[in-house]
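First comes the structure, then the notes that go with it.
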Amino acid sequence: MTATTFGRYADLPALVGFMTGDEKHQAAAESTLDVLWVLYDRVLNVTPETLDDPDRDRFLLSKGHGPAAYYAVLAAKGFLGVRELRAWGAFDSPLGHHPDRVLVPGVEIGSGSLGHGLGLALGTALALRAQGRTRPRVVALVGDAELDEGSNHEAIAVAGRLGIDNLTVVVIDNQSDSLGWPGGIGERFAVEGWDARAVEGRDHAALYEALTTAHPGRPLAVTARVRS
Amino acid sequence: MPRNGPPSLSTVDNVTPTRMREAFVSTALASLETDPRVTVVLADISEDRFETAAARYPERVVNVGIREQLMVGVAGGMALTGMRPIVHTIAPFLVERPFEQLKLDLSHQDAGAVLVGVGSSYDYAAGGRTHMAPGDVALLDTLPGWRVHVPGHADEAARLLRDSLEGDDRVYLRLSERGNAAARPVDDGLVTVRSGSARRGGVVVAVGPMLDRVLAATDGLDVTVAYTATVRPFDRAGLNRLVAAAGQADVLVVEPYLEGTSAHEVATALADRRHRQRSLGVSRADEVRGYGTAADHDRAHGLDTEGIAKAARDFFLV
């Protein structure tokens with residue numbers, strides 16, 4: 001079975017359906033589906049053929065919970081074999097309930113413990129600049145509840161202050177944070193010097209525009225609101 | 001004083017600082033010039049010493065402020081693109097505070113870095129418990145695959161850093177304010193510094209800065225004294241050979257951090273023979289709520305020459 005068999009957006013629910021278990025994380029998985037699709041279908045410059053190219057775009061799934069949508073999109077785009085999805089969570093499957101970069105081609109970081117992706121993304125973005133690679137961008141995806149972890153705020157402050165404009169953060173806001181973010185999530189980024197944008201997380205055209213409109217001299221934060 | 005008792009000790013216990021930190025800075029600065037892979041990630045500590053380099057290489061020398069989780073995360077991200085990051089601050093804020101970042105942003109990502117810590121154990125004694133981290137090596141020892149170097153001299157520190165930067169693995173270079181009068185070989189695991197007689201009663205392993213004190217403390221004992229500046233991987237085969245050549249399979253390990261940190265390595269190295277071992281190091285029994293100097297803490301933990309001498313006599317002269 002190849003990716004071309006299941007390569008459309010409409011195929012994603014079926015691909016997710018190949019994976020079973022992990023009931024607890026099912027809602028989180030679905031909240032990321034449209035953002036992931038738009039990123040891999042229209043925004044990111046990376047394919048199964050270029051996954052080791054130093055000039056590829058990097059996508060870092062910081063919020064490693066509920067990776068079914070991520071695996072489904074990777075399968076739809078040919079990074080994974082569709083057959084592999086069925087073994088999700090088995091001991092010898094590369095696909096766990098949190099992704100592992102060492103096991104899955106195209107997965108840039110292993111994640112699951114919250115609050116690690118932004119620091120890794122900032123380091124990646126800095127290193128690409130140091131190497132003179134001006135083309136690739138680094139996109140990290142976090143959740144609104146994940147922002148509770150203080151490590152995120154270390155990265156938000158430094159990336160903003162240094163003006164790391166090859167870095168983008170997408171915040172999936174499904175209102176799962178326990179204590180809320182008075183003033184809005186985007187404010188946390190804007191006050192540190194980021195270009196902060198908010199869009200509906202199911203609106204592909206709006207996501208595409210928010211993710212691709214230039215933001216010179218500033219990192220980009222896109223808050224994608226999703227009703228869960 | 002008995003014939004086998006300790007010699008006069010004051011000079012060894014108060015050895016001149018070996019300036020490992022300066023050796024680290026100059027080696028790192030030179031590597032930035034010669035190796036485009038090398039980066040330096042700081043969390044304010046030593047920032048002044050890298051100011052000029054940061055101006056020249058703003059993306060390769062990054063001070064993230066007092067943000068140690070980010071310091072390690074940034075290093076992990078850099079390594080994922082093929083760079084070779086040096087990560088540097090005081091030991092407790094390098095190993096203990098961002099420990100999950102070491103576990104996940106480096107180990108789990110299979111990303112490498114060279115951690116360079118200063119202020120090991122109670123080097124900054126007047127700073128109190130908040131600035132002490134005698135458990136650093138034991139903590140890192142819970143993660144597979146880390147190389148841990150504990151140099152006893154500035155020249156060893158420079159050499160170990162240069163060698164580490166050429167690789168892509170995970171390294172902890174544990175620098176100390178104190179050390180030995182002379183540099184020793186650092187590339188071959190355990191190095192015999194003093195051989196006992198044909199009937200020698202065992203082996204003493206001195207780690208890094210403990211060597212001069214161990215030599216003074218065991219001056220009258222018929223034992224082999226071996227030195228190492230690398231404790232992970234531990235030279236199991238080397239220890240096994242040294243013990244096999246001694247009359248007794250008795251091993252005393254003197255480490256400048258938590259006592260018994262390498263006891264499991266010794267046990268594994270000597271699993272093929274009946275043996276005894278004793279570990280000296282920073283006591284696990286109590287938090288020593290004292291300030292003062294590192295020498296004061298050495299005395300409190302029995303790691304001054306007198307304390308080592310007494311423990312060695314008790315262990316070997318049974």
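Rule-based calculations on the coordinates, nothing more; no lab input. Keep in mind the model is a prediction, meaning the values are calculated, not measured. Glycine gets a Cβ as well: all are built from the backbone with ideal geometry, and neighbour counts include every protein chain shown.
A few notes on this one:
- Virtual paramagnetic centre 7 Å along Cα→Cβ of B:His131, amide N under 20 Å, in region B:292-309: B:292-301
- Under 5 Å, built H, 5+ apart or other chain: amide partners of A:Ala198: A:Thr223
- Close amide-amide hydrogen proximity is noted between B:Val61 and B:Val40, each under 5 Å apart and 5 or more residues distant or on a separate chain (H modeled in the peptide plane; Pro and chain starts excluded).
- Volume per residue of the C-alpha convex hull in the protein assembly as shown, rounded to whole Å³: 162
- Kirkwood-Stokes translational diffusion coefficient of chain B, alpha-carbon pairs, 25 °C, 0.890 mPa s, µm²/s: 123
- In sequence order, region B:27-36 has phi-based couplings of 5, 5, 4, 5, 5, 4, 6, 9, 10, x Hz under the Karplus curve 6.51 cos²θ - 1.76 cosθ + 1.60, θ = phi - 60°, and Gly or Pro positions carry x.
- Centre separation in Å (Cα based) which lies between region A:111-167 and region B:169-238: 43
- Residue among A:Leu122, A:Leu103, A:Leu74 with the largest mean-square fluctuation in a Gaussian network model of chain A, springs linking Cα atoms under 10 Å: A:Leu103
- Between B:Arg278, B:Arg147, B:Arg289, the residue with the greatest mean-square fluctuation in the GNM of chain B (Cα pairs under 10 Å linked by springs) is B:Arg289.
- Note: relative contact order over chain A, using C-alpha pairs below 8 Å and six or more positions apart, is 20 percent.
- Only helices enter the 222 nm calculation for chain B: every DSSP H run of n ≥ 4 contributes -39,500 (n - 2.57), and dividing by all residues gives -9000 deg cm²/dmol, rounded to 500.
- For B:Pro85, neighbours were defined as the other residues whose beta-carbon sits under 13 Å from its Cβ, and their charges (Lys and Arg +1, Asp and Glu -1) total -1.
- Charge dipole (debye, nearest 20) of the protein assembly as shown; +1 at Cβ of Lys and Arg, -1 at Cβ of Asp and Glu: 1000
- Among A:Ala10, B:Ala154, B:Met71 the positive-end extreme of the charge dipole of the protein assembly as shown (Cβ point charges): B:Ala154
- Backbone HN-Hα couplings from phi across region B:201-213 [Karplus 6.51/-1.76/1.60, Hz, Gly and Pro as x]: x, x, 10, 10, 9, 9, 9, x, x, 7, 4, 4, 5
- Residue-count net charge about B:Val223 - beta-carbon cut-off 9 Å; Lys, Arg +1, Asp, Glu -1: 0
- Leading residue at positive end of dipole, the protein assembly as shown (Cβ point charges), from A:Val102, B:Leu303, A:Ala157: B:Leu303
- Applied to region B:53-63, the Karplus parametrisation 6.51 cos²θ - 1.76 cosθ + 1.60 on θ = phi - 60° returns per-residue 3J(HN,Hα) values of 5, 5, 5, 7, 10, x, 8, 9, 10, 10, 9 Hz, with x for Gly and Pro.
- For chain A, pairs of C-alpha atoms spaced more than 28 angstrom apart make up 23 percent of the total.
- The DSSP beta bridges internal to the protein assembly as shown are antiparallel in roughly 10% of cases.
- Long-range amide H partners of B:Ile90 with built H, under 5 Å: B:Val118
- Nearest-ten-degree value, helix B:154-166 long axis tilted from longest Cα axis of chain B: 50
- Footprinting exposure proxy for A:Trp181, A:Trp194, A:Trp88 (fewest neighbouring C-beta atoms within 10 Å first): A:Trp181, A:Trp88, A:Trp194
- All aspartates and glutamates inside 13 Å of B:Lys310 as judged from Cα atoms, apart from same-chain residues fewer than 8 positions distant: B:Asp219
- Among B:Pro233, B:Pro144, B:Pro209, the largest mean-square fluctuation in a Gaussian network model of chain B, built with springs joining Cα atoms closer than 10 Å, belongs to B:Pro144.
- For B:Arg299 and B:Thr268, the FRET efficiency from 1/(1 + (r/R0)^6), where r spans their Cβ atoms and R0 equals 30 Å, is about 0.40.
- For chain A, the 222 nm mean residue ellipticity estimated from helices alone, with every DSSP H stretch of n ≥ 4 adding -39500 (n - 2.57) and the total spread over all residues, rounds to -9000 deg cm²/dmol.
- In terms of its C-alpha gyration tensor, region B:103-159 comes out oblate, because a/c is 1.5 or above while a/b does not outweigh b/c.
- Packing-based exposure ordering (other Cβ within 10 Å, fewest first) of A:Glu30, A:Glu108: A:Glu30, A:Glu108
- Look at the dipole of region B:184-316 built from charges on Cβ: of B:Ala226, B:Asn240, B:Val254, the Cα furthest out on the positive end belongs to B:Asn240.
- Centre-to-centre, using Cα atoms only, region B:239-318 and region B:39-108 are separated by 33 Å.
- Taking the number of Cβ atoms within 10 Å of each Cβ as an exposure proxy, the fewest-first ranking of A:Leu120, B:Leu317, B:Leu104 is B:Leu317, B:Leu104, A:Leu120.
- Cα gyration tensor shape of region B:20-174, rounded if a/c is under 1.5, else prolate or oblate by comparing a/b with b/c: rounded
- Cα shape, region A:26-160, gyration tensor, a/c 1.5 rule: oblate
- Summing +1 for each Lys or Arg and -1 for each Asp or Glu among the other residues whose beta-carbon sits under 10 angstrom from that of B:Gly145 gives +1.
- Sites B:Asp44 and A:Val191, calculated FRET efficiency, Cβ-Cβ separation with R0 25 Å, nearest 0.05: 0.70
- DSSP beta bridges fully contained in region B:20-174 are about 5 percent antiparallel.
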